[in-house]
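The values are calculated or read from the model by the stated rules, or taken from the named source; none is laboratory data. The shown structure was predicted, so the numbers you read here are calculated from the model rather than taken from an experiment. Note: ideal-geometry Cβ built from the backbone for every residue, glycine included; neighbour counts use all protein chains shown.
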Amino acid sequence: MTFPFQPERLDVAAFAQSKASLSERDPLSIYERLAQEAIGPTPDITVGWSVHGEQRSAVDGVVRPALHLRARAVLPLACQRCMGEVRVPLEVDRHIVFAQGEDSAAALDDASEDDVLALTSELDVRDLVEDELLLALPLVPRHEVCPGPVKLSAQDADFDAAGQEQPHPFAGLAALKTGKPH
């Protein structure tokens, strides 16, 4: 007997026990927090993911329900060097082990190479995918070599010219003090 697993309400223990798999290709727009990181229009950008249930031995030697999560997207971000668009590939390949209760999960997570989460009766896989892709974002997105010249100054010629055209605000006072016409 097989159960239809839903990514919105995944029973992790049953999914892992049956060694089931799910995969989807979703539009970026359904991942609101991730879409906010992108610049420009993103109607044709997709997030592909797959999750496979398994039983995995945790760092303490106890076999627990686990998920093998893979996710991929290419996001247009602002290059922090030239401020132009840079397409950044994001990839996630993680094993996530589930423990009974938050305290047990926190204790195992500190000692484990795998991510450890508290086991819940209903997990939203898309929320997990979004969290993992957000964690995969680079701290400083940038081109290896920017396509155009990089502006290295905050001032430009117009800024310098504007400062020279205006008289100094105390020039009139200086003229009064010296008795010279300004």
Flagged in the stretch 80-111 as surrounded by fewer than 19 Cβ atoms within 10 Å (Cβ to Cβ), hydrophobic (A, V, I, L, M, F, W, C), in contact (Cβ under 8 Å) with a residue 40 or more places away in the chain and not in a strand (DSSP E or B), in numbering order, are Cys82, Ala111
Flagged pairs (Cβ under 7 angstrom, 6 or more apart or on separate chains; first in the stretch 21-47, within 16 Å of Leu134 (Cα to Cα); second aromatic (Phe, Trp, Tyr)) are Val47/Tyr31
Flagged in the stretch 20-30 as exposed (fewer than 15 other Cβ atoms within 10 Å of the Cβ) and either touching an Asp or Glu at 6+ places or on another chain (Cβ under 6 Å) or of a type in the set (Gly, Ala, Ser) (or both), in numbering order, are Ser21, Ser23, Ser29
Being in contact (Cβ under 8 Å) with a residue 60 or more places away in the chain, under 23 Å from Leu34 (Cα atoms), of a type in the set (A, V, I, L, M, F, W, C) and buried (at least 18 other Cβ atoms within 10 Å of the Cβ) narrows Val116, Val129 down to just Val129
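Anything in the stretch 62-83 that is among the β-branched types (Val, Ile, Thr), under 30 Å from Ser121 (Cα atoms) and at pLDDT 90 or above? List them, or say none. Can you show your working first?
Step one: list which residues in the stretch 62-83 are among the β-branched types (Val, Ile, Thr), which gives 62-63, 74.
The next check asks that each one be under 30 Å from Ser121 (Cα atoms); those that pass are 62-63.
Selection gives Val63 alone.
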Apart from one, (1) small (Gly, Ala, Ser); (2) part of a loop (DSSP other than H, G, I, E, B); (3) under 30 Å from Glu144 (Cβ atoms) all hold for Gly61; the odd one out is (3)
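Out of curiosity, is Arg33 at pLDDT 95 or above, out of contact with any strand residue (DSSP E or B) (no Cβ under 7 Å at 6 or more places or on another chain) and loosely packed, with under 13 Cβ neighbours inside 10 Å? Before you say what the answer is, go through the steps one by one.
On the way: at pLDDT 95 or above: yes; out of contact with any strand residue (DSSP E or B) (no Cβ under 7 Å at 6 or more places or on another chain): yes; loosely packed, with under 13 Cβ neighbours inside 10 Å: yes.
Yes; evaluated as a whole, the condition is true for this residue.
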Exception for Tyr31 within (1) in contact with a Gly (Cβ under 9 Å, 6 or more places away or on another chain); (2) closer than 30 Å to Gly84 by Cβ falls at (1)
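Filter the stretch 32-47 down to the residues that are outside any helix (DSSP H, G or I) and small (Gly, Ala, Ser) and list them by number. Full working, then the answer.
Of the stretch 32-47, the ones outside any helix (DSSP H, G or I) are 38-47.
Correct list: Ala38, Gly40.
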Residues in the stretch 101-119 that are within 17 Å of Arg56 (Cβ to Cβ) and either at pLDDT 95 or above or not charged (D, E, K, R) (or both) total 10
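So which residues in the stretch 36-61 are among the small types (Gly, Ala, Ser), closer than 29 Å to Pro89 by Cα and either modelled with pLDDT of 90 or more or surrounded by 18 or more Cβ atoms within 10 Å (Cβ to Cβ) (or both)? Spell out how you get there, then give the answer.
Step one: list which residues in the stretch 36-61 are among the small types (Gly, Ala, Ser), which gives 38, 40, 48, 50, 53, 57-58, 61.
Applying the additional criterion that residues be closer than 29 Å to Pro89 by Cα yields 38, 40, 48, 50, 53.
If the condition is that a residue be among the small types (Gly, Ala, Ser), closer than 29 Å to Pro89 by Cα and either modelled with pLDDT of 90 or more or surrounded by 18 or more Cβ atoms within 10 Å (Cβ to Cβ) (or both), then Ala38, Gly48, Ser50, Gly53 are the ones that fit.
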